[in-house]
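Encoded as structure tokens, the structure appears first; notes follow it.
The values are calculated or read from the model by the stated rules, or taken from the named source; none is laboratory data. For clarity, every value in this text was computed on a predicted model and none was experimentally measured. Cβ sites come from the backbone with ideal geometry, for glycine too, and all protein chains shown count toward neighbours. These accessible areas exclude ligands, DNA and RNA; they are computed on the full protein's heavy atoms, side chains included. Shrake-Rupley method; radii C 1.70, N 1.55, O 1.52, S 1.80 Å.
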Amino acid sequence: FDERRTGYVTFARGYKAGGFNIGAAVPADKRAFDAETLQSLEIGFRAGNADASLTGDVALFYMRRREQQVPTGEQLDPTNPLSFVLYTDNAARGENYGVEGTLRWRPVGPLLFDLSAAILETRYLGYRFGDRDLDGREQAHAPQYQYDLGMEYRNARGLFARVDFAGLDDFYFDASHDERAPSRILTHLKAGYSGKRWRAEVWVRNLFDRYYAQRGFRFGNEPPDFTPTRYVQAGDPRHVGVTVAYTFR
């Protein structure tokens, strides 16, 4: 539209090759999975003010997935935990749509606020997993919202400090069960020096050492009754580190 405002429209078709699942225990009807195709429409807008102290962009998208590939698994024998197998399945169709955007604001030279956020709606269409009818259910690992809110200070001498608050909505772990990961907010910090060629920083990820689950399963693992139970894989605990980098030019 002009030097500070641009827009775009994209229509694309994607393709993901089919393949086969490895393992002697994989059921015969799950040995192979079909290719997935995707049709996607995206409309976006980018803008900024005259001095570029405030800039942002927003995008609306819609995706239609055919023969959607779904990573999942199941326990073939309820009394035998070793019969649990992981494989890729095909849903008949899938639908994803939402909005995402970023906003950057520099009220004064050394100080920057930025926000990245997304809202996502997903669902399976015409998908059955065993005796489970998942038509209309949210897809796995598809949180309805996520965001990162950051504040950064950087002076003319190259000293900087930054804090980020990263939020994520709850989401389903898998198509084979209805266990969900709870929503979370993680805090990250870093500070250091950035020069023409040198950069050194101290950083902390997950500052408050918050426990959260990033992968989850439900199967019978404990005798004598082998009652289906929730098991989760934890995300990273607090990490502290130092990074030093030099750029050769």
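Computed quantities for the displayed model
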| quantity | calculated |
| --- | --- |
| Separation between Cα centres of segment 63-105 and segment 1-39, rounded to whole Å | 12 Å |
| Fraction of accessible area attributable to carbon and sulfur, segment 110-249 (%, probe 1.4 Å) | 55 percent |
| Eligible lysines near Lys16 by straight Cα distance, threshold 17 Å, same-chain separation 8 or greater | none |
| Spatially proximal aspartates and glutamates relative to Lys30 (Cα-Cα < 13 Å; intrachain offsets below 8 disregarded) | Glu74, Asp89 |
| Under 19 Å from the Cα of Lys190 - aspartates and glutamates, other chains or at least 8 residues apart | Asp114, Asp148, Glu152, Asp164, Glu201, Asp209, Asp236 |
| Solvent-accessible heavy-atom area per residue, rounded to whole Å², over segment 59-172 at 1.4 Å | 52 Å² |
| Cα pair distances of segment 1-119 binned at 10 Å [whole percent] | 12, 26, 21, 18, 14, 8, 2 |
| Surface/4 estimate of mean projected area, convex hull on alpha-carbon atoms of segment 144-236, nm² | 8.5 nm² |
| Nonlocal amide H pairs with Phe33, under 5 Å, H built at 1.01 Å | Gly19, Phe20, Asn21 |
| Given charges at beta-carbon only (K, R positive; D, E negative), |dipole| of segment 1-90 in Debye | 200 debye |
| q = 0.07, 0.08, 0.11, 0.16 Å⁻¹: log10 I(q)/I(0) that the Debye formula gives for the chain, counting C-alpha atoms only | -0.37, -0.48, -0.84, -1.24 |
| Beta bridges per DSSP with both ends in the chain, % antiparallel, nearest 5 | 100 percent |
| Rounded to whole Hz, the Karplus (6.51, -1.76, 1.60) HN-Hα couplings of segment 51-56, x for glycine and proline | 9, 6, 6, 9, 9, x |
